[in-house]
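Here is the structure we will look at, set down as structure tokens.
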Amino acid sequence: MSSKSLVSISELSKNEILRLLGQTRFFEENPNQKILDGKIVATLFFEPSTRTRLSFETAVNRLGGRIIGFSDASTTSSSKGETLRDTIKMVSNYADLIIMRHYLEGAARYASEVTDIPVINAGDGANQHPSQTMLDLYSIYKTQKKLDNLTITLVGDLKYGRTVHSLIMAMGHFSPHFNFVACNELKMPQEYKDYCREHGISFTEHTDFSKEVIYSSDIIYMTRVQRERFTDIMEYEKVKDLYNLSNSMLEGAKKNLKILHPLPRVNEINIDVDDNPKAYYFQQAKNGLFTRQALICRSLGIDVPELNFEANRYFP
Ligand code: CP
């Protein structure tokens, strides 16, 4: 197996996605595997993170590898003016794999082009978050027992939300219908609607998070309005509280409905939803560990015992 970067979810074919989901299942059943002995993984986080960084680092630790890196770029020489290019070249002298989050769209692509070691994009601005998408697919599969022909409702910040952008592209392999629920200021960018049209992905746009939308959904994917993406704080204040999900709104929803959220949440999901069996966001985050174990092995070219991923076989 050769080593590979993962910058955009679009780099993964349907078969590769299914194979990675099977490997994720393997790691969920067997999380402690000493298969990264001698490997050093660098986690470079130029933006804050809890789940992505800690689950990637836990994944490396559970696989027997070692971690270097930073979670606060102000402590590095980038604060002295060192360029991203030079930073990546330096880290490439020390590590076998770079996992990077950056506030600029395209930063992960750029990093992958200036180094010979693989780069995994852990989120670049409002662009892409492919490892999140793999854990989202795994969570959808686990809860729905299938990926095909689902109605998925994306709610909140669809303009800057990198997780929803990546998810649309990946779900395109599985004939979904999307409801896009957002205010005009945060609606799905034209390029992703064009992507849907070009790839035959059905979608409808809504400004109202209505009962009809909720009752038609197999998955509701809530997102946070991201203050850090706004240049005008008044614009943020105007839209930050428009969509809130509470328990009473779920009465009458489909039996199989699950609520996902990439997290962190602010107040878009009321805490009274947390104890509802339809709430799946904390388990979703846990799935990130196993997903990222599979992605790290892919990037390092390490063979993983492959479970033959077949519908319903591994999720009874
Ligand atoms: N979902 C996600 O990316 O969470 P963090 O920002 O905490 O990594």
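Helical runs (DSSP H, four residues minimum) scored at -39500 (n - 2.57) apiece and divided by the length of the chain put the mean residue ellipticity at 222 nm at -10500 deg cm²/dmol. Overall, the chain carries a charge dipole of about 660 debye about its Cα centre when +1 sits on the Cβ of Lys and Arg and -1 on the Cβ of Asp and Glu, all other atoms neutral.
When a 1.4 Å probe is rolled over the protein heavy atoms, the share of accessible surface on the chain that falls to carbon and sulfur comes to 46 percent. Here the range 18-58 is assigned +1 on the Cβ of each Lys and Arg and -1 on the Cβ of each Asp and Glu. Its dipole about the Cα centre then comes out at about 80 debye.
Which FRET efficiency value, to the nearest 0.05, is calculated for Asn15 and Thr204 with the Förster distance at 35 angstrom and r the Cβ-Cβ distance?
With a Förster radius of 35 Å, E is 0.75.
Paramagnetic label reach from Ser77 (point 7 Å along Cα→Cβ; backbone nitrogen cut-off under 20 Å): within the range 100-119, residues 100-101, 111-117.
Trypsin sites (Lys or Arg not before Pro) within the range 168-202: which are DSSP loop residues with at most 13 other Cβ atoms inside 10 Å? The partial results should precede the final answer.
Working: sites: Lys187, Lys193, Arg197; in loops: Lys187.
Counting only loop positions with at most 13 other Cβ atoms within 10 Å, none of the trypsin sites (Lys or Arg not before Pro) in the range 168-202 qualifies.
Protection proxy ranking, highest mean first, for peptides 127-133, 99-105: 127-133, 99-105, where packing is the per-residue count of other beta-carbon atoms within 10 Å, averaged. Look at where the Cα atoms of the range 139-207 and of the range 114-131 average out, and the two centres are 21 Å apart. For the peptides 244-255, 150-161, residues were scored by their other Cβ atoms within 10 Å and the scores averaged per peptide; the highest-first order is 150-161, 244-255. Once C-alpha pairs closer than 8 Å and six or more residues apart are averaged by separation and normalised to the residue number of the range 9-104, the relative contact order reads 35 percent.
Bridging of Lys142 to aspartates and glutamates at a Cα separation below 14 Å is possible for Glu28, Glu29, Asp218, Glu310, once same-chain residues fewer than 8 apart are set aside. Contact order, relative form, for the chain: 23 percent (alpha carbon pairs under 8 Å, 6 or more residues apart, mean separation divided by residue count). Heavy atoms of the protein chains alone define the surface here; on that basis the chain has 43 Å² accessible area per residue at 1.4 Å probe size.
Selection among Asn32, Met90, Ile140 by position relative to the dipole of the chain gives Asn32 as farthest towards the positive end (Cβ unit charges, Cα centre).
The values are calculated or read from the model by the stated rules, or taken from the named source; none is laboratory data. Only a predicted model underlies this, so the values are computations on that prediction, with no experimental measurement involved. Glycine also receives a Cβ, built like all others from the backbone with ideal geometry; neighbour counts cover every protein chain displayed. Just so you know, the surface numbers come from the protein's heavy atoms only, side chains and all, with ligands and any DNA or RNA stripped out. Shrake-Rupley method; radii C 1.70, N 1.55, O 1.52, S 1.80 Å.
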